[in-house]
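The values are calculated or read from the model by the stated rules, or taken from the named source; none is laboratory data. Just so you know, these numbers come straight off a predicted model, no measurement behind them. Counting neighbours? That spans all protein chains shown, and the Cβs are built from the backbone with ideal geometry, glycine included. Please note that ligands, DNA and RNA were not included when accessible areas were found on the heavy atoms of the full protein model with its side chains. Shrake-Rupley method; radii C 1.70, N 1.55, O 1.52, S 1.80 Å.
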Amino acid sequence: MTDQGPGKRVGVVSLGCPKNLVDTENMLGQFLQQGYSLTADPEEADLLVVNTCGFKADAEAESREAIAAMAEIKSRHPGQRLVVTGCLAQRYGAHLAQDIPGIDVLVGSAQYEQLFPLIAANQTTGEATLAVAPISPTAAPAPEKPVRLLTTPAHTAYVKIAEGCNNPCAFCIIPQLRGRFRSRPLEEIVAEVQHLSQQGVVEINLVSQDTTLYGRDLSPRLSLAHLLRRLAQVEGIAWIRCLYLYPTLITQELLAVMASEKKVLPYLDMPLQHSHSAVLARMKRAERYAGIVHLLKRIRHQLPQASLRTTVIVGFPGESKKEFRHLYRFVGQGWFDHLGVFTYSDEPGTVAYHLTDKVPAKTARKRQKALMLLQQRISRKKLRAWRGKTLEVLVESISAEHPGLVLGRSKAQAPEVDGLIYINAGQPQPGRILPVTITDSHEYDLVGHCAP
Ligand code: SF4
């Protein structure tokens, strides 16, 4: 991002999840529209923007460090401006500006439409300006006609289909940072995906806090399955993947679309958080152990080729050795191709924060390590079964470190979070989808060559 076009230069730091990245890409597109040029060097920027994450302690620390680093640079460049947006701005509002001097503009996670008027006001008055307010249930989930500048590789893009969350998970502060669930109108999403396809995007990853709830708040009421059927008709798009599915909302209809629509990948990212019903109840999650196993059996029956990803939390208040052993045995059954394990983060403002019987951090980390080692063995065994087989691979990039090595992903591998496929023969170009014959496998990655 170093074109030195006319007008002001903006440098942006984007933190957090793919949903926040989409917000950043929308902002970048608007900056270009406003005549800014982009720079990757904060020392030469006229405007510095930090799009923050704030849903748990370590993410908050990272965001505060990034803001402080930009504020330090600003202190050496008179006239430079510092803008802070996103979840941390929404979480703390003006307190954040008091904590970290040097912030000129503060914009909450649902006030992006005020970004440029606030920057202009600040440039006129020199006074710090902020727009952080409780998120109205009717706040627009996204710009009507986003002018995104993609920051992902040109062939893949995240598409945010909704904003906010209605679930009462006891450990989670996101509903307070992003508001109630609001679906984007279907036609706006279809138009965006058509536009992305014209730009050369072949893989779409649908994201929101609760992707399975899509359309239920719209009139007429729609569903994620309905949206997927429409997106499957968009020319040029080859793969459509769903991320952040709420387990109890995975319907027969959704599985049927995944089974029948070639472009809709049989990939289910469904955070379960735990397996033990008593822990799930304390977490204020809707699912229980029996329902989870029933769902997994239904998925494996209807979509034998499905790739399953989940995330769990260890060390939730009161998690006993017996409850952890239940989770360990559950993961040991080998349902999942991909597993993320997080230690509980004690977040002020959440229901769980007021629970007693907190699990020591050391114990939580030990449980996290044990689960990750267990899943590593399961993953190695699952990937070994791919040796000798040929599968479709989306070429991601040419390896910088290893000349002649090309990196790719299969339908079973989501960007950034799952393993990769190392292609060691042929020079396929990024963005192409090719048959690759697997010759070797490791814990999380596969090795292969382009099939003749
Ligand atoms: S589903 Fe639960 S964990 Fe996920 S964003 Fe909503 S409240 Fe948070």
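For A225, the conditions (1) open to solvent by less than 10 Å² (accessible area, probe 1.4 Å); (2) within 16 Å of the ligand (Cβ to nearest atom); (3) without any contact (Cβ under 8 Å) to a residue 60 or more places away in the chain all hold with the exception of (2). Q176 meets each of the listed conditions (1) in a loop (DSSP other than H, G, I, E, B); (2) over 22 Å from G215 (Cβ atoms); (3) not assigned by TED's automatic domain parsing to the domain that holds L21 apart from (1). Flag: T138 does not match the condition of being outside any helix (DSSP H, G or I), surrounded by fewer than 17 Cβ atoms within 10 Å (Cβ to Cβ), at pLDDT 95 or above and among the β-branched types (V, I, T).
Per-residue answers, yes or no, for (1) open to solvent by 50 Å² or more (accessible area, probe 1.4 Å); (2) closer than 30 Å to F342 by Cβ; (3) in the same structural domain as P175 (by TED's automatic domain parsing):
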{"site": "T24", "(1), (2), (3)": "no, yes, no"}
{"site": "L38", "(1), (2), (3)": "no, no, no"}
{"site": "E43", "(1), (2), (3)": "yes, no, no"}
{"site": "T52", "(1), (2), (3)": "no, yes, no"}
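Cβ-Cβ distances below 6 Å connect the following pairs, each with a first residue in the stretch 435-450 that is assigned to a loop (DSSP other than H, G, I, E, B), a second residue that is crowded, with 16+ Cβ neighbours inside 10 Å and at pLDDT 95 or above, and a separation of six or more residues or different chains: E443/S379; Y444/S379; Y444/G419; D445/G419; D445/L420. All of E203, E235 fail the test of being away from the ligand (no atom under 15 Å from the Cβ) and within 27 Å of G340 (Cβ to Cβ), apart from E203. In this entry, T125 passes the filter for residues that are in the same structural domain as Y92 (by TED's automatic domain parsing), open to solvent by 50 Å² or more (accessible area, probe 1.4 Å), away from the ligand (no atom under 16 Å from the Cβ) and of a type in the set (V, I, T). For residues that are without any contact (Cβ under 8 Å) to a residue 12 or more places away in the chain and either crowded, with 20+ Cβ neighbours inside 10 Å or of a type in the set (A, V, I, L, M, F, W, C) (or both), tally how many sit in the stretch 91-103. Residues in the stretch 91-103 being without any contact (Cβ under 8 Å) to a residue 12 or more places away in the chain and either crowded, with 20+ Cβ neighbours inside 10 Å or of a type in the set (A, V, I, L, M, F, W, C) (or both): 0 in total.
Residue-level analysis places G340 among those that are part of a strand (DSSP E or B) and either in contact with a His (Cβ under 9 Å, 6 or more places away or on another chain) or under 21 Å from L245 (Cβ atoms) (or both). Of the candidates G291, G332, G349, the single residue that is in contact with a Ser or Thr (Cβ under 9 Å, 6 or more places away or on another chain), among the small types (G, A, S) and open to solvent by 20 Å² or more (accessible area, probe 1.4 Å) is G291. I'd like the full set of residues that are open to solvent by 30 Å² or more (accessible area, probe 1.4 Å) and either over 30 Å from R229 (Cβ atoms) or within 16 Å of the ligand (Cβ to nearest atom) (or both), limited to the stretch 257-288. Across the stretch 257-288, the qualifying residues are H276, S277, A278, A281, R282, K284, A286, R288.
Within the set L88, L115, L47, L106, the sole residue that is over 25 Å from R180 (Cα atoms), in contact (Cβ under 8 Å) with a residue 24 or more places away in the chain and open to solvent by less than 10 Å² (accessible area, probe 1.4 Å) turns out to be L47.
Among all residues of the stretch 143-157, there is at least one that is over 20 Å from V50 (Cα atoms), surrounded by 17 or more Cβ atoms within 10 Å (Cβ to Cβ) and hydrophobic (A, V, I, L, M, F, W, C).
Could you tell me whether any residue of the stretch 97-109 is at pLDDT below 90 and under 27 Å from the mean Cα position of the chain (by Cα)? Checked the stretch 97-109: no residue is at pLDDT below 90 and under 27 Å from the mean Cα position of the chain (by Cα).
Results for (1) basic (K, R); (2) more than 9 Å from the ligand (Cβ to nearest atom), shown as yes or no for each residue.
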site: A131; (1), (2): no, yes
site: P146; (1), (2): no, yes
site: L149; (1), (2): no, yes
site: P153; (1), (2): no, yes
site: K160; (1), (2): yes, yes
site: E163; (1), (2): no, yes
site: N167; (1), (2): no, no
site: I174; (1), (2): no, no
site: F181; (1), (2): no, no
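The lone criterion from (1) open to solvent by 60 Å² or more (accessible area, probe 1.4 Å); (2) touching a strand residue (DSSP E or B) at 6+ places or on another chain (Cβ under 9 Å) left unmet by P360 is number (2). Does Q209 count as at pLDDT 95 or above, surrounded by fewer than 20 Cβ atoms within 10 Å (Cβ to Cβ) and not assigned by TED's automatic domain parsing to the domain that holds A290? Against the criterion (at pLDDT 95 or above, surrounded by fewer than 20 Cβ atoms within 10 Å (Cβ to Cβ) and not assigned by TED's automatic domain parsing to the domain that holds A290), Q209 does not qualify.
Taken over the stretch 54-85, the criterion of being away from the ligand (no atom under 16 Å from the Cβ), assigned to a loop (DSSP other than H, G, I, E, B) and buried (at least 19 other Cβ atoms within 10 Å of the Cβ) is satisfied by Q80 alone. With respect to Y246, is the statement that it is open to solvent by 10 Å² or more (accessible area, probe 1.4 Å) and either within 16 Å of the ligand (Cβ to nearest atom) or within 17 Å of A412 (Cα to Cα) (or both) true? So Y246 fits the description; yes. Just to be sure before I move on: is Q194 out of contact with any helix residue (DSSP H, G or I) (no Cβ under 7 Å at 6 or more places or on another chain), open to solvent by 30 Å² or more (accessible area, probe 1.4 Å) and within 11 Å of the ligand (Cβ to nearest atom) in the structure I sent? So Q194 does not fit the description; no.
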